[in-house]
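The values are calculated or read from the model by the stated rules, or taken from the named source; none is laboratory data. None of the values given here were measured: they were computed from a predicted structure. A quick note on method: Cβ atoms are made from the backbone with ideal geometry, for glycine too, and the neighbour counts reach across all protein chains shown.
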Amino acid sequence: MPTASYNKFTPAIENLFEGINAGSDTWVIKLATAVNQSAGTITEVANGNGYTTGGNAAAVSSSAASAGTYKLVLSSPTAWTATGAGFSFQYAVLVDSTASVNVAYWDYGSSQAVAAGETVTVTLDGTNGVFQAT
């Protein structure tokens, strides 16, 4: 699979800085076939064939401010292994489930077909985190 590019959802930024308590919120990664960055919406992969709608949990590893910069580090979610007819996706989406907001996404550049027995692993940055805010 190609390397994915990281992009923020525009509406999420204001929400993040107006009271989301990122360190104690529940976070998930969802797979999606489409995103609308300006509206902050996604089309999640349909349930079935190894994918369960609602995404996989990404637990908070650390959440702290240092020298005026806040950093959120999340653990990588469990992998998805396709079954049956498999599934396709283009985006891995970071979602704050507590606030019901899509925060950011990784764009794989084109639709990725996942055949039965193949696994999708989204590896989050354990050093720099999923976002830093100053």
**Asked** Given the residues G126, G109, G84, which is the only one that is among the small types (G, A, S), in a loop (DSSP other than H, G, I, E, B), touching a residue at least 12 places away in the same chain (Cβ under 8 Å) and on the phi > 0 side of the Ramachandran plot?
**Response** G84
**Asked** exposed (fewer than 13 other Cβ atoms within 10 Å of the Cβ), modelled with pLDDT of 95 or more and out of contact with any Ser or Thr (no Cβ under 8 Å at 6 or more places or on another chain) - does that describe any residue in the stretch 65-72?
**Response** no
**Complete:** Taking first residues from the stretch 87-103 that are more than 13 Å from V130 (Cβ to Cβ) and second residues anywhere that are among the basic types (K, R) and in a strand (DSSP E or B), the pairs with Cβ under 8 Å that are 6 or more apart or on different chains are none
**Restricting the stretch 82-98 to residues that are within 19 Å of A22 (Cα to Cα) and surrounded by fewer than 18 Cβ atoms within 10 Å (Cβ to Cβ), the residue that is farthest from the chain's Cα centre (by Cα)** = T98
